[in-house]
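Only one structure is covered here, and it is reproduced in the block below.
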Amino acid sequence: MPRDIRCDRWATACGSLNVELMDISPAGSSPLLVLWDVDGTLINNGGVSKEAYAGGFTALTGRVLEHPVITDGQTDPAIMRSLLVRHGIEPTPELLAQVDDVMPAALEALVPRLRERGHAQPGAREAIAALARQAGVVQSVLTGNIAPNGYTKLAAFGLHASLDFEVGGYGSDSEVRADLVNAARRKATSKYGVPFDPVSTVLIGDTPRDVEAGRVGGAYVIAVATGEYDAEQLLAEGADIALSDLRDTDLVVRTVLAARLRRSVA
């Protein structure tokens, strides 16, 4: 087994990773919905996200940020709720409803800085492109960012072209990240006219909150140790498989397609 992958559950899937890329066609096997986390998984934002939250907070309240931004894999509304509470401001539904209005402009103003200080994660571009060549695979995102900001971050590094942002799960869908897998699945099923059930859904992320969202949504969870958490920690949180990073494109593709084996052993 390659030294940069660790397997926990679904030993059958883990054992398949050394075989040739399977031939998948819409007629021969079910479609796969692959949901990528954004920050930490596909890109490193260089700390610019926290600056965007600071700008959004000021636009929302008219006050300068006095307490640190705590992201921790939360959704944009949850992050802003935390900021409001810690600044003694009641997070009313009316105030939180404005997050979708202020955050796009706050991030857009920082795109040059994002490009300067951030970067695409090594192998991200190649992995997305390789999966886009696989029949029956629909790729989108599952992110705590509101929808416009998820697109802006990936477009800043040219990672957007092969992703269907219409069927993603976003912080603008729910404040609770664990709700987002089902939100994305419903959108994909509606758009493509085929059922995307838990067995045909894959989530790729780098934090325990990503893993939790996948587990709650019944997805096959591929963790990547590209952020603050190592492979062992992410497996302990419940990931099905953990990769060290996205550099080995063939390995990433085989790992994603191995999710189809869940249907045969279910």
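Okay, here's what the table says:
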item	result
Inter-site label distance for residue 86 and residue 160 at 7 Å from Cα along Cβ, in nm	3.0
Full-extension gain in nm, residue 250 to residue 117, via 0.36 nm per residue minus C-alpha separation	45.0 nm
Amide H within-cut-off set for residue 98, under 5 Å, with H built and near neighbours excluded	none
Relative packing of peptides 135-145, 226-236 - highest average C-beta neighbours within 10 Å first	135-145, 226-236
Packing-based ranking, highest mean first, of 107-117, 78-88 given that Cβ atoms within 10 Å are counted	78-88, 107-117
Kirkwood-Stokes translational diffusion coefficient of segment 48-116, alpha-carbon pairs, 25 °C, 0.890 mPa s, µm²/s	204
Net charge contributed by nearby residues that have their C-beta within less than 15 Å of residue 72 (K/R +1, D/E -1)	-4
5 angstrom amide H check on residue 224, placed H, neighbours 5+ away	205, 206, 243
At R0 = 25 Å, FRET efficiency that the Cβ-Cβ distance of residue 108 and residue 64 yields, to 0.05	0.80
Cut-off under 5 Å, modelled amide H: who pairs with residue 34 long-range	138, 139, 140, 202
Cβ-Cβ FRET estimate between residue 30 and residue 176, R0 fixed at 30 Å, reported to 0.05	0.65
Once the Cα gyration tensor of segment 179-219 is diagonalised, semi-axes √(5λ) in Å	20, 9, 8
Relative packing of 186-195, 120-129, 56-65, which averages over residues the other C-beta atoms within 10 Å, highest first	120-129, 56-65, 186-195
Whole-angstrom Cα spans of the chain along principal axes, big to small	57, 37, 32
Along principal axes, Cα extents of segment 161-266, largest first, whole Å	36, 33, 32
At 1.306 mPa s and 10 °C, Stokes D of segment 137-222 from Kirkwood alpha-carbon radius, µm² per second	124
Rel. contact order, % - alpha carbon contacts under 8 angstrom, at least six apart, the chain	27
Shape call, segment 19-144: gyration tensor on alpha carbons, a/c limit 1.5	prolate
Length released on extending from residue 194 to residue 233, taking residue separation times 0.36 nm less the Cα-Cα span	10.6 nm
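Every number in this text was worked out from the coordinates using simple rules, so none of it is lab data. Here the structure is a predicted model, which is why all the values come from computation and not from measurement. We place every Cβ from the backbone using ideal geometry, glycine too, and count neighbours over all the protein chains shown.
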